[in-house]
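Taking it in order: structure first as structure tokens, then the write-up.
The values are calculated or read from the model by the stated rules, or taken from the named source; none is laboratory data. This is a predicted model, so every value here is computed, not measured. Cβ: placed from backbone, ideal geometry, glycine included. Neighbour counts: every protein chain shown. Ligands, DNA and RNA are stripped out before the accessible areas are found, and what is left, the full protein with its side chains, is counted by its heavy atoms. Shrake-Rupley method; radii C 1.70, N 1.55, O 1.52, S 1.80 Å.
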Amino acid sequence: MPHPTIPGFTHRRVPVDEGVALHAAVGGTGSPVVLLHGFPQTHLMWRHVAADLAADHTVICPDLRGYGASDKPAEAGPDTYSKRTMARDVVTLARRLGHERFALAGHDRGALVAFRAGLDHPDAVSRLACLDVLPTLDMWEALHGTSAAVGFHLYLMAQPPGLPERMIGASADAFFGHFLDVWTHDPGAVPADVRESYLAACRDAVPSIVADYRASAGIDVDHDKADRAAGNRLGMPVSVLQQDWGAALGYEAAALWGAWAPDLRHTTVDCGHFMAEEAPGDIATALRDLMKRPVH
């Protein structure tokens, strides 16, 4: 089965940190936009949206540190896979590709990296889109009681090194495939070749994926708490698209996001979690609308 790619995009391998290079698909011309993938996926999740946006933008789709064809350094401490470190990777990637300032969109894990990049690098991130997440601190505060069972994987991968890696590695395809199945409203949105590409990538990255999630139960929370205490907020235009998780878990998503983003447009979507694959036209339109909004 041929390895799926984004039509018309070239592939680059770009050093971003000591001993760490990111793999990125790059295409199009025009003002730059960086698209960050989520779990359990790779840059390929943006294939439809990226091809659409490349008509009038330079589109950069990396595999995050620890995922896909990017490097997967061993977890040397909480900083290795903190969102702060991963956000710095993305800013360095864009700069080394010639872009000091860019629009940034992320889905799921990539949205958490994008959120941190917006807070830590406001000089680099001109506009920000986050798809189907809450900021890390708000996410943990929203999970409570039996409804938190929907996030069982968050608790599993929050455990100290050893057990979660062994458990997940013992049945990696079943574990990662579970999320591809239950989070998708339209199974046809993730065809067989793309699904196998995701599963193969995750199968080869269990320790680094777990380390990414472990950081979100520790150091990432600390960073969010520090920003909340200091009153730091996202100064750029922000678009958030989410399923109506708040109805199930008992929170008001727009209010939670509004506390971080004064210039916010929050939209509730009807598609499944993998919205860039289930509703790519809607997502491309939302990103184009974001990039038309004035920057303060």
**Study point:** Residue check for Ala111: open to solvent by less than 10 Å² (accessible area, probe 1.4 Å) and either of a type in the set (Val, Ile, Thr) or in contact with a Cys (Cβ under 6 Å, 6 or more places away or on another chain) (or both)
**Key:** yes
Point to revise | Qualifying positions in segment 114-144 - of a type outside the set (A, V, I, L, M, F, W, C), farther than 13 Å from Ala261 by Cβ and either open to solvent by less than 10 Å² (accessible area, probe 1.4 Å) or assigned to a loop (DSSP other than H, G, I, E, B) (or both) | key: Arg116, His121, Asp123, Asp132, Thr136, His144
Review point. Could you list, in sequence order, the residues of segment 10-27 that are in contact with a helix residue (DSSP H, G or I) (Cβ under 7 Å, 6 or more places away or on another chain) and without any contact (Cβ under 8 Å) to a residue 60 or more places away in the chain?
Key: Ala25, Gly27
Check your understanding: So Arg101 clears everything in (1) under 22 Å from Ala158 (Cα atoms); (2) open to solvent by 40 Å² or more (accessible area, probe 1.4 Å); (3) not acidic (Asp, Glu) except one condition, right? Which one?
Key -> (1)
Revision key, fill the gap. Within segment 254-277, residues closer than 13 Å to Gln242 by Cα and open to solvent by less than 40 Å² (accessible area, probe 1.4 Å) come out as Ala254, Trp257, Val269, Cys271, Gly272, His273, Phe274, Met275, Ala276
Check your understanding: With respect to the numbered conditions (1) open to solvent by 20 Å² or more (accessible area, probe 1.4 Å); (2) under 23 Å from Pro135 (Cβ atoms); (3) touching an Asp or Glu at 6+ places or on another chain (Cβ under 7 Å), which one is the sole condition not fulfilled by Ala69?
Key -> (2)
Study note, to complete from the structure: Reported set for segment 220-245 where residues are part of a helix (DSSP H, G or I), open to solvent by 10 Å² or more (accessible area, probe 1.4 Å) and in contact with a helix residue (DSSP H, G or I) (Cβ under 8 Å, 6 or more places away or on another chain) is Val221, His223, Lys225, Asp227, Arg228, Trp245
Exercise for review: Give Pro164, Pro160 a once-over and let me know the one that is open to solvent by less than 20 Å² (accessible area, probe 1.4 Å) and more than 19 Å from the chain's Cα centre (by Cα).
Suggested key: Pro164
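Name the residue, out of Ser208, Ser197, that is open to solvent by 10 Å² or more (accessible area, probe 1.4 Å), small (Gly, Ala, Ser) and modelled with pLDDT of 95 or more.
Ser197
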Exercise for review: Output yes when any residue across segment 248-255 is under 30 Å from Met167 (Cα atoms) and of a type in the set (A, V, I, L, M, F, W, C), and no when none is.
Suggested key: yes
**Study point:** Filtered residues of segment 251-272 (kept if part of a loop (DSSP other than H, G, I, E, B) and under 18 Å from Ala114 (Cβ atoms))
**Key:** Ala259, Trp260, Ala261, Pro262, Asp263, Val269
Exercise for review: Mind telling me which of the residues Gly38, Gly98 ends up being on the phi > 0 side of the Ramachandran plot and modelled with pLDDT of 95 or more?
Suggested key: Gly98
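Condition test on Thr80, is it part of a helix (DSSP H, G or I), of a type in the set (S, T, N, Q), open to solvent by less than 50 Å² (accessible area, probe 1.4 Å) and under 14 Å from Glu18 (Cβ atoms)?
Against the criterion (part of a helix (DSSP H, G or I), of a type in the set (S, T, N, Q), open to solvent by less than 50 Å² (accessible area, probe 1.4 Å) and under 14 Å from Glu18 (Cβ atoms)), Thr80 does not qualify.
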Revision key, fill the gap. Those residues of segment 18-54 which are in contact with a Gly (Cβ under 9 Å, 6 or more places away or on another chain), in a strand (DSSP E or B) and open to solvent by 10 Å² or more (accessible area, probe 1.4 Å) amount to His23, Pro32
Check your understanding: Taking Ala248, is it out of contact with any Cys (no Cβ under 8 Å at 6 or more places or on another chain) and part of a helix (DSSP H, G or I)?
Key -> yes
